[in-house]
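The values are calculated or read from the model by the stated rules, or taken from the named source; none is laboratory data. Predicted, not measured: the structure shown is a model, and the values here were computed from it. For neighbour counting, all protein chains shown are included, and Cβ atoms are generated from backbone atoms with ideal geometry for every residue, glycine included.
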Amino acid sequence: MKNRNLAIGGIILAGAALAIYKSLKTIPKGAVPVRPFNLKKYLGKWYEIARLDYRFEKNLNNTTAEYSLNEDKTVKVVNKGYNPKKKKEEVAVGVARFVNEPDEARLKVSFWGPIYSGYNVIAIDSKYKHALVVGKNRNYMWLLSKEKSMPEDVKLEYLRRAIELGYDVSKLVWVEHNR
């Protein structure tokens, strides 16, 4: 009986360790976050130009993300989008923290307490108007702009980079900004 309890305890401990290890992964293999990164320039409202769809943004258009600095130096994240099927705006508020140093655009973001996911700016223009952001794996990717559109040359460059990293850009949802 004692050996059985030890075995069960070992399995539980191994499962917990695996869960912690998986939560530490915040960037896909091969992706490199922008460095140097200037958070002050990045703060503000961004329009989602395109995304790999996932359940929390399903059916949303007119999607934006607004970033501001909290007193504790974390980043407040307010994501908004309009759901035409429900005829209402949906809002999610979260917090982002740097994984390493604040001059590296590798963050982790949470909308649900202690559960974090990767948020990595892997391309940005010198004026901080257009960005390519990826999550912790190849299921998450966003093209963002401080305007409701993105120049075609920038869009093509970001798509080229995404393809090189193994993203399936044919699955991108191109977001309408008509409200």
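Checked against (1) closer than 24 Å to Ala162 by Cβ; (2) β-branched (Val, Ile, Thr); (3) in a strand (DSSP E or B), Val34 passes all but a single condition, namely (3).
Being over 13 Å from the mean Cα position of the chain (by Cα), over 20 Å from Ala31 (Cβ atoms) and hydroxyl-bearing (Ser, Thr, Tyr) narrows it down to one of Thr64, Thr74, so name that one.
Thr74
Note on the stretch 120-132: residues that are under 19 Å from Val175 (Cα atoms) and in a loop (DSSP other than H, G, I, E, B) amount to 1. Within the stretch 36-45, does at least one residue satisfy the condition of being among the small types (Gly, Ala, Ser), farther than 22 Å from Leu159 by Cα and modelled with pLDDT of 95 or more? Yes: the stretch 36-45 contains one or more residues that are among the small types (Gly, Ala, Ser), farther than 22 Å from Leu159 by Cα and modelled with pLDDT of 95 or more.
Whether any residue in the stretch 134-146 is small (Gly, Ala, Ser) and touching a Gly at 6+ places or on another chain (Cβ under 8 Å) is what I want to check. Checked against the condition, which is being small (Gly, Ala, Ser) and touching a Gly at 6+ places or on another chain (Cβ under 8 Å), the stretch 134-146 yields at least one hit.
Residues are listed down the side, and each one gets a yes or a no for (1) of a type outside the set (Phe, Trp, Tyr); (2) farther than 22 Å from Val169 by Cα; (3) at pLDDT 95 or above; (4) over 16 Å from the mean Cα position of the chain (by Cα):
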{"site": "Lys80", "(1), (2), (3), (4)": "yes, yes, yes, no"}
{"site": "Glu89", "(1), (2), (3), (4)": "yes, yes, yes, yes"}
{"site": "Gly118", "(1), (2), (3), (4)": "yes, no, yes, no"}
{"site": "Val134", "(1), (2), (3), (4)": "yes, no, yes, no"}
{"site": "Asn139", "(1), (2), (3), (4)": "yes, no, yes, no"}
{"site": "Trp142", "(1), (2), (3), (4)": "no, no, yes, no"}
{"site": "Glu147", "(1), (2), (3), (4)": "yes, no, yes, yes"}
{"site": "Val154", "(1), (2), (3), (4)": "yes, no, yes, yes"}
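Quick check on Tyr47: is it in a strand (DSSP E or B), at negative phi and hydroxyl-bearing (Ser, Thr, Tyr)?
Numbers: in a strand (DSSP E or B): yes; at negative phi: yes; hydroxyl-bearing (Ser, Thr, Tyr): yes.
It is true that Tyr47 is in a strand (DSSP E or B), at negative phi and hydroxyl-bearing (Ser, Thr, Tyr).
Restricting Ser149, Ser117, Ser110 to those that are closer than 21 Å to Leu43 by Cα and not in a strand (DSSP E or B) reduces the list to Ser149. Regarding the stretch 86-102, can at least one residue be identified that is in contact with a Phe, Trp or Tyr (Cβ under 7 Å, 6 or more places away or on another chain), surrounded by fewer than 15 Cβ atoms within 10 Å (Cβ to Cβ), of a type in the set (Asp, Glu) and part of a strand (DSSP E or B)? Within the stretch 86-102, one or more residues are in contact with a Phe, Trp or Tyr (Cβ under 7 Å, 6 or more places away or on another chain), surrounded by fewer than 15 Cβ atoms within 10 Å (Cβ to Cβ), of a type in the set (Asp, Glu) and part of a strand (DSSP E or B). Counting the residues of the stretch 156-179 that are under 17 Å from the mean Cα position of the chain (by Cα) and modelled with pLDDT under 95 gives 0. Scanning the stretch 161-176 for residues that are more than 15 Å from Ala131 (Cβ to Cβ) and assigned to a helix (DSSP H, G or I) yields Ile163, Glu164, Val169, Ser170, Lys171.
From the list Asn137, Asn100, Asn83, the lone residue that is in contact with a Pro (Cβ under 6 Å, 6 or more places away or on another chain) and at negative phi is Asn137. In the stretch 129-162, the residue that is surrounded by the most Cβ atoms within 10 Å (Cβ to Cβ) out of those that are basic (Lys, Arg) and in contact with a Lys or Arg (Cβ under 7 Å, 6 or more places away or on another chain) is Lys136.
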